[in-house]
1. Which numbered condition in (1) part of a helix (DSSP H, G or I); (2) over 12 Å from ALA5 (Cβ atoms) is the only one that LEU37 fails?
2. For ILE212, state whether it is closer than 29 Å to GLY3 by Cα, among the β-branched types (Val, Ile, Thr), assigned to a strand (DSSP E or B) and modelled with pLDDT of 95 or more.
3. Quick check: anything in region 9-19 of a type in the set (A, V, I, L, M, F, W, C), in a loop (DSSP other than H, G, I, E, B), touching a residue at least 24 places away in the same chain (Cβ under 8 Å) and under 23 Å from LEU264 (Cα atoms)?
4. Quick test for you: out of ALA277, ALA296, ALA282, ALA292, pick the one residue that is without any contact (Cβ under 8 Å) to a residue 60 or more places away in the chain, closer than 25 Å to THR122 by Cβ and more than 22 Å from the chain's Cα centre (by Cα).
5. Among (1) assigned to a loop (DSSP other than H, G, I, E, B); (2) touching a Lys or Arg at 6+ places or on another chain (Cβ under 9 Å); (3) in contact (Cβ under 8 Å) with a residue 24 or more places away in the chain, there is one condition ASN96 misses while meeting the rest; what is its number?
6. Select, from ALA77, ALA64, the only residue that is surrounded by 19 or more Cβ atoms within 10 Å (Cβ to Cβ), in contact with a strand residue (DSSP E or B) (Cβ under 7 Å, 6 or more places away or on another chain), of a type outside the set (Val, Ile, Thr) and not in a helix (DSSP H, G or I).
7. Report yes if some residue within region 229-244 is closer than 15 Å to CYS325 by Cα, at pLDDT 95 or above and not in a helix (DSSP H, G or I); otherwise report no.
8. Anything in region 195-234 that is of a type in the set (Ser, Thr, Tyr) and either within 20 Å of ASN335 (Cβ to Cβ) or surrounded by fewer than 22 Cβ atoms within 10 Å (Cβ to Cβ) (or both)? List them, or say none.
Amino acid sequence: MTGGAGYIGSHTVVELLAQGHEVVVLDDLSNASAEALRRVGEIAGRDVELLEVDVTDEAAVLAALERARPEAVVHFAALKAVGESVEQPERYYRTNVGGTLNLVRAMDAVGCRTLVFSSSATVYGAATQMPLTEDSPLGATNPYGWTKFVVEQVLRDVAASDERWGVALLRYFNPVGAHPSGRIGEDPRGVPNNLVPFIAQVAVGRREQLTIFGDDFDTPDGTGVRDYIHVVDLAEGHVAALAKLAGGGADGDGGVRGAHAWNLGTGTGSSVRQVVAAFERASGREVPVRVAPRRAGDVATSYANPARARDELGWVARRSLDEMCEDTWRWQSGNPQGYAAS
């Protein structure tokens, strides 16, 4: 698993270990913590091997895969801040696209051709027809989104060129929450780019207030509506996709080849104000809010149609917004400085 020490990666390691898989993590720890994997081992009752590898280092990636000899790869390693991608597009293409090319070459060299890829709903660009299905028009509105779009196309082309490849393109909506133990969770470096970790830092006293960008959208309360999904539901989606590719999926088939896209979302949207209210309930604390003008490119509403994942993977998101906020608060209140204190 590349990027396995990060937020979604660490939760997915827990679920894979619970299913009896052996997991080796490749991570350069540039936006993650080895402490997360130590705690994963605590939760799972078994240690996880960590190889400190940067996916842009082709020789190091090949050496790691030659050592691990994986049967399948789950690929999370990527840069992921939209604003930063606008300022540093070349770095984003080098890491996200170039790193994936290095990984694919190394996988091919060791005879491993089963890949679960961490894609994103950003590949739907500025689409306004809701809900979004896997057949909705694709595009992007920023360099980060374009890197996911390009990698999806690369992986489709690779799978089309060699029928031995099986690839899952998992399009995430808005991952939030934490492991119910409170031991692992989201620990963004610097100012959080996403809503819920920012709210959590306000509630725990690390930040003064939340800024809502726009309260004049065409939504029930004027604030933007997004599809929030619990990170453990998301992790379970990776386990289901891996089972589908390798055999033993919901329909009991012998595994599928080719490239296949699946949305991982709940199918319902929550507004910014609804999320704030849920977090206030979970934490018992008021979250001060100020309203600022809309940001360029923000759409009013975005949510998934997850029916294909339900029908083909046997996967559905089961955890509610309240659970997402309760688990986030358990993590944040128990680890106010994230992993840094460890």
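1. Just one mismatch for LEU37, condition (2).
2. Criteria not met by ILE212.
3. Among the residues of region 9-19, not one is of a type in the set (A, V, I, L, M, F, W, C), in a loop (DSSP other than H, G, I, E, B), touching a residue at least 24 places away in the same chain (Cβ under 8 Å) and under 23 Å from LEU264 (Cα atoms), which makes the answer no.
4. Within the list ALA277, ALA296, ALA282, ALA292, the selection yields ALA296.
5. (1)
6. ALA77
7. There is at least one residue in region 229-244 that is closer than 15 Å to CYS325 by Cα, at pLDDT 95 or above and not in a helix (DSSP H, G or I).
8. Those that are of a type in the set (Ser, Thr, Tyr) and either within 20 Å of ASN335 (Cβ to Cβ) or surrounded by fewer than 22 Cβ atoms within 10 Å (Cβ to Cβ) (or both): THR211, THR219.
The values are calculated or read from the model by the stated rules, or taken from the named source; none is laboratory data. Values in this document were obtained by computation on a predicted structure and should not be read as measured data. FYI the Cβ positions are ideal-geometry reconstructions off the backbone, even for glycines, and counts take in every protein chain you see.
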